[in-house]
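The values are calculated or read from the model by the stated rules, or taken from the named source; none is laboratory data. These numbers come from a predicted model, not from an experiment. Note that we place each Cβ from the backbone using ideal geometry, even for glycine, and neighbour counts take in every protein chain shown.
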Amino acid sequence: MGIHDREYLRDDAPGFGSLNPSAAPWGVCQKLIAITIVVFIAQLMVPIIEPWLILSPQLLMQGHVWSLLTYAFLHNPLDILHLLFNMMMLYFFGRQLESMYGGREFATFYCASAIFAGLCYLAWGQFINSPAPIMGASGATMAVVLLFALHFPRQQVLMFGVFPIEMRWLATLIILFDMLPVLNQLSGGVDNSHIAHMAHLGGVLFAFLYYKTGIRLSRWTSFGNSGVGSMFQSRPKLKIFREETPEDLDQKVDQILAKVSQHGEASLTRQERQILTRASEKYKNRR
């Protein structure tokens, strides 16, 4: 098989196949941005919708369960920079992740990270006895940024459009920016920044767990041909170990080579380098 026959160089390849963000000009990422902008305009024109979509502990107790997700599509009408910043982060980092995971999985990840971030914020508010309402996509976009950094830790980006910085250090700065005010509150201090730092950290934590566990959320939102009952079928309690086959290794190598072709060898993690080393040894033994 020649390198140009590999799946990651074909535009129609699913899943991790296409790593070209421009291959889908109107993907899930762009649709999420469009929905958020439409909601923002609706906030300006019909302010009464905001109380129905905002995440408030009091309203949640009254039955506004949908607000655990809808708050992420709201933004302060008096702070358009907040909206622009979140949508820029979603656009620049989300398209690459969508091309890797697929549109359905990325959409599920984005929504799930928003819900998880909102729950973390509510729990923190109860802990410090500050049940303030929240709106904004920052928790979900922080999850997107960290997941990108976990996949491409050495990828360089321009911070503020000027300063080059690797994603691993950018992610570290973001975490420190949100962690310090939280630690200050733990020590009895007051945070007057009006920023939901715990929601940001909740999104970061969700992305970390998502990456480490390798879970695929879209499996729980797609029932396939077997109906809803398939989600409730009994499953074995013990995991059966299956030895890695040559086909499994070839698939992993294809994914890693696709990453190299898009972002260079410097973007590889230690685990990915170990996989390439193991594959090289096995390929030698096949000869």
Inset, instruction - Give the number of residues within segment 128-177 that are closer than 24 Å to residue 80 by Cα and part of a helix (DSSP H, G or I). - result: 15
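Taking segment 159-185, which residues are under 19 Å from residue 123 (Cβ atoms) and touching a residue at least 24 places away in the same chain (Cβ under 8 Å)?
Step one: filter segment 159-185 for residues under 19 Å from residue 123 (Cβ atoms), giving 175, 178-179, 181-185.
175, 178, 182, 185 - these are the residues of segment 159-185 that are under 19 Å from residue 123 (Cβ atoms) and touching a residue at least 24 places away in the same chain (Cβ under 8 Å).
Out of curiosity, is residue 66 assigned by TED's automatic domain parsing to the domain that holds residue 174, aromatic (Phe, Trp, Tyr) and closer than 16 Å to residue 137 by Cα?
On the way: assigned by TED's automatic domain parsing to the domain that holds residue 174: yes; aromatic (Phe, Trp, Tyr): yes; closer than 16 Å to residue 137 by Cα: yes.
So residue 66 passes the test.
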Legend entry - Number of the exception - residue 48 against (1) among the β-branched types (Val, Ile, Thr); (2) in a helix (DSSP H, G or I); (3) within 27 Å of residue 120 (Cβ to Cβ): (3)
Legend entry - Test: residue in segment 158-166 that is surrounded by fewer than 20 Cβ atoms within 10 Å (Cβ to Cβ), in contact with a Leu (Cβ under 9 Å, 6 or more places away or on another chain) and charged (D, E, K, R): no
Inset, instruction - Could you tell me whether any residue of segment 100-113 is modelled with pLDDT of 95 or more, closer than 29 Å to residue 187 by Cβ and of a type in the set (Gly, Ala, Ser)? - result: yes
Legend entry - Selection within segment 61-81 - surrounded by fewer than 18 Cβ atoms within 10 Å (Cβ to Cβ) and under 20 Å from residue 115 (Cβ atoms): 61, 62, 63, 65, 66, 69
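Name the residue, out of 171, 149, 137, that is among the small types (Gly, Ala, Ser) and touching a Lys or Arg at 6+ places or on another chain (Cβ under 9 Å). Talk me through it step by step, then tell me what you get.
Working: 171 fails: touching a Lys or Arg at 6+ places or on another chain (Cβ under 9 Å); 137 fails: touching a Lys or Arg at 6+ places or on another chain (Cβ under 9 Å).
Only one candidate qualifies: 149.
Between 128, 115, 134, 195, which is touching a residue at least 60 places away in the same chain (Cβ under 8 Å), of a type in the set (Val, Ile, Thr) and out of contact with any Gly (no Cβ under 6 Å at 6 or more places or on another chain)?
Working: 128 fails: touching a residue at least 60 places away in the same chain (Cβ under 8 Å); 115 fails: touching a residue at least 60 places away in the same chain (Cβ under 8 Å); 195 fails: touching a residue at least 60 places away in the same chain (Cβ under 8 Å).
Just a single option satisfies the conditions, and that option is 134.
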Inset, instruction - Please go through segment 190-214 and pick out each residue that is of a type in the set (Val, Ile, Thr), modelled with pLDDT under 90 and surrounded by fewer than 13 Cβ atoms within 10 Å (Cβ to Cβ). - result: 190
Legend entry - Filter result for residue 238 (modelled with pLDDT under 70 and not β-branched (Val, Ile, Thr)): yes
